[in-house]
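Below is one structure, written out as structure tokens, with a few remarks after it.
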Amino acid sequence: MIYTSPHSDISNVMGTSPEDIDTRAQGSDRILLMAVVMLMMVGILAVYSSIAFFAQSKSTTAGQLIIGHIIKLGIAFFVMLIASKVNYRIIAKFSRLAMVISWVLLLAVLAFGTEQFGAKRWLNIGGFSFQPSMIATVSLLVHICVLLSEKQDYIKDFKKAFLPVMFWVVITCGLIGIEDFSSAGLLLVISLVLMFIGRISVIQLGTLVMIGVIGGSFLLSQSSTRQSRINQYMTQIKDIESEQILQGSGYQAQQAHIAIAQGEFFGVGIGKSTQRDFLPAPYNDFIFAIIAEEYGLAGAMSLIFLFTLILIRGIVFIARNARDYLGSLLAVGCTLTLVAYGFVNAGVASGLLPVTGLPMPFVSYGGTSMLFAGMMAGILLNISKHHRDRRAFFNA
């Protein structure tokens, strides 16, 4: 990936002159688009297979819920197309305003939020329920990229560069972490990666890591549910057959393991999952376990391959060939967020990570998360349209 200061002369890149490096708009990255569409198709089948028990508890039918899921996917796809048409630099101009709005919504959640599954993460306005944490996540990632690209001339300066970026990161992650520790932790990690790529001082980043560790420890100490999840995970690692797990405290992980084991290599067949009746939220948090059960190891690995494909296209091709520094940073941020959510969801279901409650982008049943996943994919597609013509490098 070739990074240059936004104020530097592009002629310094590989000894070429400005006219040798063409930045032209062309079609979006088709491979990335194909991967997203395939994830959506897999999600429709997986959600339909896993949502029957949830439908009964809601006094509705699986057909009605899957129609709602398809409608949400359609909206997310439309948002992706719109974002792919709007120049990413225009979107970046509204990052500060989006941050302020997201803070107001996060504070509103703490005061008036709706509690579901033991956590107050949803805000209901006019009968429409959504998660402000997703709005804050996308807004923060975009704003960090804007700040880093603007401050490249003095990026090592503690007061002019590090403190302004840290101000937004710490407050946003803190507000999210009060009710959604896993989302806040993942957002903090991605923010640190962006700041590292953006050439923030490693010593200064180390300070931020310490703040994150202290803040995370405090948030963990304030929640018995979070402490229980960590204890379950440690017990699960040490002895999967321990009495604690068999008596029910590790119920979620145990049922997910049974689902994956039953799938073997080719799965039990579409719609033939038995663990969907035992797993909590199989249509969301443990959707990967249902896919592994019905499609086997082959299907699970195919799903992982699609996220890996998004990672490769987003970093190696789109970020590396972006027309400017802002585009490169945005591509890295959007790619890491989409892929990290997917990998964490799979890691939780397979027992590699403690239970977090993070959805799998474009696959899990949901609304707000799917909408903003579509927005991030759209930003990636837009950046891929406006790329540096690398043929000039080979012809120089």
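Please treat every number below as a calculation from the coordinates, not as lab data. Since this is a predicted model, take the numbers as computed values, not measurements. Cβ placement follows ideal geometry from the backbone for every residue including glycine, while neighbour counts extend to all protein chains displayed.
Some points to look at:
- Reported to the nearest whole Å, the Cα centre-to-centre distance from region 324-360 to region 146-173 is 23.
- Spin-label model, V193/V100: points 7 Å from Cα along the beta carbon direction are separated by 3.1 nm.
- Rough spin-label spacing in nm, given labels placed 7 Å along Cα→Cβ, for L107 and Y154: 2.9 nm
- Förster radius 41 Å - calculated FRET efficiency between I171 and I70, Cβ distance, rounded to 0.05: 0.65
- Net charge in the neighbourhood of Y88 (other residues with Cβ under 12 Å of its Cβ; Lys, Arg +1, Asp, Glu -1) is +4.
- Modelled FRET efficiency - R0 22 Å, K272 with I312, Cβ distances, 0.05 increments: 0.10
- The convex hull built on the alpha-carbon positions of region 155-214 has an orientation-averaged projected area of 3.6 nm².
- Vicinal HN-Hα couplings computed from phi for region 311-326 (Karplus, 6.51 cos²θ - 1.76 cosθ + 1.60; Hz; Gly/Pro x): 4, 5, 5, x, 8, 6, 9, 6, 5, 5, 9, 4, 6, 8, 5, 4
- Taking N as its residue count, the alpha carbon Rg of region 91-184 over 2.2 N^0.38 Å: 1.19
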